[in-house]
Ligand code: FE
Ligand code: FE
Ligand code: ZN
């Protein structure tokens, strides 16, 4: 199965997202668990979730990807900001327990001059606290571009976080094609080598999802600027190799390109056209 979809607005609830996904030819989608800048969360609408789950089954949707607000920082310098991030993730994971097939993705954090080692320790401490509350949803660390003091710019940093967490079975990774290229991994010229390196450092079994984005910038720019599929430095050919790679092709792919719905529909159709038989 080719699992392909995009980021959708969660403002109108799960059922509305499901309808939109079906309309644009997607069979998976990503959404923010709450306003991406953080902040409060809407009351859970159980009827909406039930309607979505029935629709999802009918449509044969694959795994949903719930993205944490990108402003929360598990390794912030201020303890109150770290605590806020922990509580936000705990609350999000509790709510996601109602969904049978969902992955939770978050940006590991920014160490803000504390150094990546301190950042890694703080992130792992937070994960140990968060995961001690129980639950089933896999928690994915996103590979980062290395903008500012972002932690997770190398596979080694992700591995270091995982090594320090107790409940390793719930930890996975979401690989963002724009971010890894920006952080210096040449997925355009050496995709096989990059995946071999990921496998030896992190383990491919931890890779659960792909953010499929083109990039506005050359390799190792550390800028994190997504581009439309085919218009960037990775290009359609480069991204077609990603969706067809034998080690990646069964994973769900989520577009986070600068698009409205019609643009996403076109990109999904474009990528379906590039998909080879397994
Ligand atoms: Fe992200
Ligand atoms: Fe991403
Ligand atoms: Zn990004």
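Any read-out appearing in this document is the output of simple, stated calculations on the displayed coordinates, not a laboratory observation. Keep in mind it's a predicted model, so treat the numbers as computed, not measured. Heads up, the Cβs are rebuilt from the backbone with ideal geometry, glycines too, and the neighbour counts pull from every protein chain shown.
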- [ ] Translational diffusion coefficient, Stokes-Einstein: compute it for region 179-278 using the Kirkwood radius over C-alpha pairs as Rh, at 10 °C and 1.306 mPa s, and state it as an integer in µm² s⁻¹.
- [x] 115
Task: Two-decimal ratio, region 34-121, of alpha-carbon radius of gyration to 2.2 N^0.38 Å - done: 1.30
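When Rg is the radius of gyration of the Cα atoms in region 103-231 and Rh is its Kirkwood radius, what does Rg/Rh come to? Intermediate values should be presented prior to the final figure.
Values: Rg = 14.3 Å, Rh = 14.8 Å.
Rounded to two decimals, Rg over Rh is 0.97.
Quick one: divide the alpha-carbon radius of gyration of the chain by 2.2 N^0.38 Å and tell me what you get. Mind dumping the intermediate values first?
Details: Rg = 17.7 Å, N = 278, 2.2 N^0.38 = 18.7 Å.
The value comes to 0.95.
In nm, what is the difference between 0.36 nm times the number of residues separating residue 262 and residue 169 and their Cα-Cα distance?
29.7 nm
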Open item on the list: Given the DSSP H assignment, sum -39500 (n - 2.57) over each helix run of at least 4 residues in the chain and divide by its residue total; what's the result at 222 nm in deg cm²/dmol, nearest 500?
Closed with: -12500 deg cm²/dmol
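Assuming 0.36 nm per residue, please report the length gained on full extension of the stretch residue 11 to residue 83 beyond their Cα-Cα distance. Before the final figure, lay out each step's value.
Values: separation 72, 0.36 × 72 = 25.92 nm, distance 2.57 nm.
Gain on extension, residue 11 to residue 83, equals 23.4 nm.
Place the peptides 196-203, 40-47 in order of packing, highest mean first, counting for every residue the other Cβ atoms within 10 Å and averaging per peptide. Please report the intermediate quantities before stating the final value.
On the way: 196-203: 15.8, 40-47: 9.9.
Listed from highest to lowest mean packing, they are 196-203, 40-47.
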